[in-house]
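The values are calculated or read from the model by the stated rules, or taken from the named source; none is laboratory data. A quick note: this is a predicted structure, and the numbers were derived from the prediction, not measured. Don't worry about glycine lacking a Cβ; one is built from the backbone with ideal geometry, like all the others, and counts go over all protein chains shown.
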Amino acid sequence: MTCPSGLTWKHPFADYAAAALYPTFTPFACSRSLNANAGRTGAQPYRATRADPPTRRTPNVGRGTIYCRASMKNTCTATADAEKSIMVAFVTGTSSGFGAAIARRFAKNGMRVVATARRIEKLTPLKQEFGDLILPVALDVRDRLQVESIVAGLPAEFSVIDVLVNNAGLSLNLEPAYKVPIEDWETMVDTNIKGLLYCTRLILPGMVARGRGHVVNIGSVAAMYAYPGGNVYGATKAFVKQFSHNLRADLLGTAVRVTDIEPGLAETEFSVVRFKGDEQRAASIYKGTQPLTADDIADAVHWVVTRPAHVNIDTISMMPVCQAFSPLAIYRQ
Ligand code: NDP
Ligand code: 8X3
């Protein structure tokens with residue numbers, strides 16, 4: 001196969017029946033935007049352009065301000081008015097930890113945030129601090145119908161979602177697989193996998209249609225590095241990792257970006273939840289360490305969504321300096 005740039009290139013699925021499913025699949029060098037294809041012959045290689053310059057400063061902002069911008073020249077189907085509007089983020093799990101810090105960081109930089117969690121009362125401080133920029137919403141991501149009705153019923157100023165942060169998640173238990181109650185596994189699968197899928201499936205089509213958007217998934221180092229008791233939690237995060245990469249594959253040719261952020265040890269309510277309210281045991285996890293903070297993760301999320309529109313940060317793996325890799329375990333008799 002010869003791509004428009006003249007390079008010879010072998011389809012990566014050449015040996016598979018799957019090739020038939022990807023007739024338009026092209027390597028990076030000659031990738032063409034689906035939207036950019038409107039009015040194009042397909043002979044010209046699509047080139048991502050730098051983000052359009054900011055059109056309007058959002059209120060209440062200083063350095064690091066986020067602007068809504070046409071994500072790629074000729075691809076954004078939004079009107080000039082929409083391009084000038086304030087960016088909107090939909091963030092799950094904003095009642096504590098990373099989600100609360102991410103919502104705060106976005107709002108501080110002038111974005112509107114649909115701030116969701118089950119414990120809606122915990123969203124009051126965010127609402128008080130940022131007023132109209134925050135829409136607090138009670139949402140259990142495991143409930144598909146609830147996700148559907150909330151996304152469908154968003155007020156106009158929060159309905160055009162530019163950034164989805166799939167953050168809601170949890171780990172339950174640190175027992176070995178042969179001891180963990182099956183209900184704990186079900187809760188992790190329902191939240192970390194199915195909840196993330198419901199939000200993504202509902203919000204993604206709008207992003208594709210508008211020719212702009214960013215899905216940020218909060219994975220974990222547990223996706224890659226197995227540890228005792230990590231059984232289903234790590235497996236759910238491995239799902240998040242692979243799903244994020246597969247989304248990128250499906251979204252090639254659109255301007256929609258996907259990032260998987262994989263933190264290591266971070267102090268939030270995470271361990272209290274894992275140990276079902278045992279605060280002493282939770283505190284012991286962080287004893288003598290300087291773990292990541294929720295603000296460290298919010299920094300990373302803010303950074304990925306403020307890269308120029310042609311840049312996709314695929315994965316960020318981040319740990320505190322006090323955490324590192326160790327050798328594989330060997331059992332000796
Ligand atoms: P927290 O326990 O502090 O926050 C978890 C958030 O998820 C809460 O706001 C909680 O809100 C929400 N949540 C849980 N279940 C549901 C649900 N069914 N529906 C809606 N929201 C839900 O933990 P973190 O901030 O640390 O965790 C955030 C994400 O980061 C998780 O996906 C976690 O797996 C991941 N992570 C955490 C690390 C850590 O060491 N802390 C490291 C790597 C990844 P509410 O209970 O009010 O619904
Ligand atoms: C949370 C980090 O190491 O507890 O995802 O699994 S870890």
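Confirm whether L174 is surrounded by fewer than 16 Cβ atoms within 10 Å (Cβ to Cβ) and of a type in the set (A, V, I, L, M, F, W, C).
Against the criterion (surrounded by fewer than 16 Cβ atoms within 10 Å (Cβ to Cβ) and of a type in the set (A, V, I, L, M, F, W, C)), L174 does not qualify.
Please state which of the following conditions L164 fails to meet, knowing it meets all the rest: (1) free of Cβ contacts under 8 Å to residues at least 40 places away in the same chain; (2) within 25 Å of S220 (Cα to Cα); (3) surrounded by 16 or more Cβ atoms within 10 Å (Cβ to Cβ).
Against the list (1) free of Cβ contacts under 8 Å to residues at least 40 places away in the same chain; (2) within 25 Å of S220 (Cα to Cα); (3) surrounded by 16 or more Cβ atoms within 10 Å (Cβ to Cβ), L164 comes up short only on (1).
From S159, S96, which residue is touching a residue at least 60 places away in the same chain (Cβ under 8 Å), surrounded by fewer than 22 Cβ atoms within 10 Å (Cβ to Cβ) and within 16 Å of ligand 2 (Cβ to nearest atom)?
One residue alone meets the criteria, S96.
What are the residues in the stretch 68-117 that are of a type in the set (D, E, K, R), at pLDDT below 95 and not in a helix (DSSP H, G or I), if any?
Hits for the stretch 68-117 are R69, K73.
Check off (1) more than 16 Å from the chain's Cα centre (by Cα); (2) surrounded by fewer than 19 Cβ atoms within 10 Å (Cβ to Cβ); (3) of a type outside the set (D, E) for I313 and give me the number that stays unchecked.
(1)
Which of (1) within 16 Å of ligand 2 (Cβ to nearest atom); (2) farther than 20 Å from D140 by Cα; (3) in a strand (DSSP E or B) does N217 not meet, given it meets every other one?
(2)
Given the criterion surrounded by 20 or more Cβ atoms within 10 Å (Cβ to Cβ) and of a type in the set (F, W, Y), identify the matching residue among F275, F270, F239, F325.
Checking each option against the conditions leaves just F270.
Considering only residues of the stretch 170-186 that are touching a residue at least 24 places away in the same chain (Cβ under 8 Å) and of a type outside the set (A, V, I, L, M, F, W, C), which is farthest from ligand 1 (Cβ to nearest atom)?
P176
Answer yes or no: is there a residue in the stretch 145-152 that is buried (at least 21 other Cβ atoms within 10 Å of the Cβ) and among the acidic types (D, E).
no
Within the stretch 253-281, restricting attention to residues that are among the charged types (D, E, K, R) and closer than 21 Å to D184 by Cα, which residue is nearest to ligand 1 (Cβ to nearest atom)?
By that ranking, first place goes to E269.
Can you find a residue that is within 16 Å of ligand 1 (Cβ to nearest atom), closer than 24 Å to A266 by Cβ and touching a residue at least 12 places away in the same chain (Cβ under 8 Å) anywhere in the stretch 198-207?
Yes, there is a match, as at least one residue in the stretch 198-207 is within 16 Å of ligand 1 (Cβ to nearest atom), closer than 24 Å to A266 by Cβ and touching a residue at least 12 places away in the same chain (Cβ under 8 Å).
Can you tell me which condition G229 does not meet? The list is (1) within 15 Å of ligand 2 (Cβ to nearest atom); (2) over 23 Å from I102 (Cα atoms); (3) free of Cβ contacts under 8 Å to residues at least 12 places away in the same chain, and all the others hold.
Condition (3) is where G229 drops out.
Can you name every residue in the stretch 244-281 that is touching a residue at least 12 places away in the same chain (Cβ under 8 Å), within 16 Å of ligand 2 (Cβ to nearest atom), part of a helix (DSSP H, G or I) and of a type in the set (A, V, I, L, M, F, W, C)?
Answer for the stretch 244-281, where residues must be touching a residue at least 12 places away in the same chain (Cβ under 8 Å), within 16 Å of ligand 2 (Cβ to nearest atom), part of a helix (DSSP H, G or I) and of a type in the set (A, V, I, L, M, F, W, C): F270, V273.
Would you check which residues across the stretch 282-314 are farther than 30 Å from A249 by Cβ and either free of Cβ contacts under 8 Å to residues at least 24 places away in the same chain or outside any loop (DSSP other than H, G, I, E, B) (or both) and list them?
Residues satisfying the conditions are A282, A283, S284, I285, Y286, K287, G288, A294, D295.
Given the options L139, L133, name the one that is within 22 Å of C199 (Cα to Cα), away from ligand 1 (no atom under 16 Å from the Cβ), in contact with a helix residue (DSSP H, G or I) (Cβ under 7 Å, 6 or more places away or on another chain) and at pLDDT 95 or above.
The unique qualifying residue is L133.
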